[in-house]
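Enquirer: Let me give you the structure first, and then I'll get to my questions.
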Amino acid sequence: MRLIFFGIINSVAFVLSGTIIPLGFFPEIFQKILILQPFKGIIDTPAMIFTQQYTNLQSLGFMLLQVAWIVIFYFVNELVFKIGIKKIEIQGG
């Protein structure tokens, strides 16, 4: 069951990061949604920066967005860890 979950997440990340289909090929309404998700920074943003499709200010904005996602995921991780540590029960020496 665990492998199925990670396979689905991997497939979604591949599509939403621009690995399989560049995000510019999606309809404009989807592009506006996809621009805010964290997967964009995996493939699409670095490729667009490398090919100079973004201005320096746009590049900085997308990099700051990725930093914001890192901070968000850090705090989510801390929250899940604190909840999990209360429920953990370890047996043995």
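Enquirer: With volume of the Cα convex hull per residue in Å³ in mind, check (1) 171; (2) 153; (3) 100 and report the label derived from this structure.
Expert: Given (1) 171; (2) 153; (3) 100, the calculated one carries the label (2).
Enquirer: A further question follows. Report, in degrees rounded to the nearest 10, the 0 to 90 angle that the Cα long axis of helix 56-87 makes with the longest principal axis of the chain.
Expert: Tilt of helix 56-87: around 10 degrees.
Enquirer: Stokes-Einstein diffusion coefficient for the stretch 45-93 at 20 °C in a medium of 1.002 mPa s, Rh from the Kirkwood formula over Cα pairs: what value in µm²/s?
Expert: D = 157 µm²/s.
Enquirer: Specify the residue with the greatest mean-square fluctuation among Ile29, Ile43, Ile70, computed from a Gaussian network of the chain linking alpha-carbon atoms under 10 Å apart.
Expert: For the chain, modelled as a Gaussian network with Cα springs under 10 Å, the answer is Ile29.
Enquirer: Of the GluC sites (Glu not before Pro) in the chain, which ones lie in a loop per DSSP and count no more than 12 other C-beta atoms within 10 Å? Before the final figure, lay out each step's value.
Expert: Working: sites: Glu28, Glu78, Glu89; in loops: Glu89.
Here the GluC sites (Glu not before Pro) that fit, given the DSSP loop and packing criteria, are Glu89.
Enquirer: Here is a follow-up. Just to confirm the number: angle between the C-alpha axis of helix 2-16 and the first principal axis of the chain, 0 to 90 degrees, nearest 10?
Expert: 20
Read-outs throughout are calculated quantities, based only on the coordinates presented, and are distinct from any laboratory measurement. Nothing here was measured: the structure is a model prediction, and the numbers come from that model. Here Cβ is always computed from backbone atoms with ideal geometry, including for glycine, and neighbour counts include all displayed protein chains.
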